[in-house]
Structures are given as C-alpha cells and as structure tokens.
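These notes are about the structure you will find just below.
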Amino acid sequence: MTAQTDGETDFQTSPTLEEWTRGVVASVLSVTPEEVFRHEDGSFLLGRGSAAIWVQPLSDPSHLWIHSWMVTDVEPHAELLAMLNQININIPIGTVAYLDRAVRISHALLAGRLDHDDVCEVIRMIADTADFYDHKIQERFGGTIAYYEPRGDEIDV
C-alpha cells in the first residue's frame, strides 16, 4: 500500500517512482499504464503537436525531470537569448534555455511527495509551452524542430 496524504504519494513505500511515473503519463495520454512507451534511457515519451516531451524519473536525489528539445541546430544570437528571456518571463512553469546549439524547456520536481493531478498538469504545461514556441523560435532563428513522430505504441496528447 502506498502512503498518501491529500493525493500525494510517498515514494519511501511502493510504488516505485518509475511505476508511479508510468501511471501519471498514462493519465495524461488517457491510456493504460501498459500502453505507455518507455525509452531505453528510462524516460517516458509523449507528444503534443510538434513537441516531443520526455518525463524521466531519476535518482540521487529522487526527482522527475520533464523536458523537451524544442529546436536543435540553431545558431546562438543575442536576439535568440533575448527571446528566451522573454519566454521565461511569460511562462508559469519551466525554464527555456539555450545549450549546445539547441533550445530546451525543462522542469524538475523533487519526488519526496508528489501529487498525481499536479504532475499531470505540469507535464501538460511543459508540453503546451514547447509546442507553442518551437515554431516561433524556428521561424526567427532557423534550426530544426524536434518533431514528435508517434510510433505505433504511442498516442499523441
């Protein structure tokens, strides 16, 4: 039995963070946990429009990392960095950053106690932000959008 308080899950008991994350992603996708695709790196992949979102349970410390590579192969420009700063001012959650010729949005949640519905909403917000801004960044600065290409065993959000 999982210890819960007001919808929060305590991962010092079962389920494991990986099992719980699979269930959360299944809720976001409206599928069963068995239908959720798990990448070889341990992350769970889902899509929203042109955005690919990874939800990755990690340890040391135990946390969820939700992230999306929005645009790759993009040259650094002062105007790009200014745009990313403006996006960060305007979004309620997550951080958009430029790293290694790519623009990424990410957000980490410590896994001591997580609320299922809140984590679903964070995933949706990161996905919506990535999908909304990826084309805007590409139109102004070039690069390649990290298009989400659904596999037979994956469902678009």
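Annotations for the structure displayed:
- Qualifying residue in segment 21-31 (condition: without any contact (Cβ under 8 Å) to a residue 40 or more places away in the chain, buried (at least 18 other Cβ atoms within 10 Å of the Cβ) and either part of a loop (DSSP other than H, G, I, E, B) or in contact with a helix residue (DSSP H, G or I) (Cβ under 8 Å, 6 or more places away or on another chain) (or both)): yes
- Flag set for Asp134, criterion: under 24 Å from Asp73 (Cβ atoms) and either out of contact with any strand residue (DSSP E or B) (no Cβ under 9 Å at 6 or more places or on another chain) or open to solvent by less than 20 Å² (accessible area, probe 1.4 Å) (or both).
Yes/no matrix, rows are residues, columns are (1) touching a Leu at 6+ places or on another chain (Cβ under 6 Å); (2) in contact (Cβ under 8 Å) with a residue 40 or more places away in the chain; (3) closer than 17 Å to Ser27 by Cα:
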| site | (1), (2), (3) |
| --- | --- |
| Trp69 | no, yes, no |
| Glu79 | no, yes, no |
| Ile89 | no, no, no |
| Asp128 | no, yes, yes |
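- Any hit, segment 17-25, residues being farther than 21 Å from Glu139 by Cβ, at pLDDT 90 or above, among the aliphatic types (A, V, I, L, M) and within 13 Å of the chain's Cα centre (by Cα): yes
- Count of residues meeting criterion [among the polar types (S, T, N, Q) and surrounded by 14 or more Cβ atoms within 10 Å (Cβ to Cβ)] in segment 49-101: 6
The values are calculated or read from the model by the stated rules, or taken from the named source; none is laboratory data. What you see is a predicted model; the values in this text were computed from it and never measured. As a convention, Cβ positions derive from the backbone with ideal geometry for all residues, glycine included, and neighbour counts pool all protein chains shown. Protein only, heavy atoms only, side chains kept; ligands, DNA and RNA dropped before computing areas. Shrake-Rupley method; radii C 1.70, N 1.55, O 1.52, S 1.80 Å.
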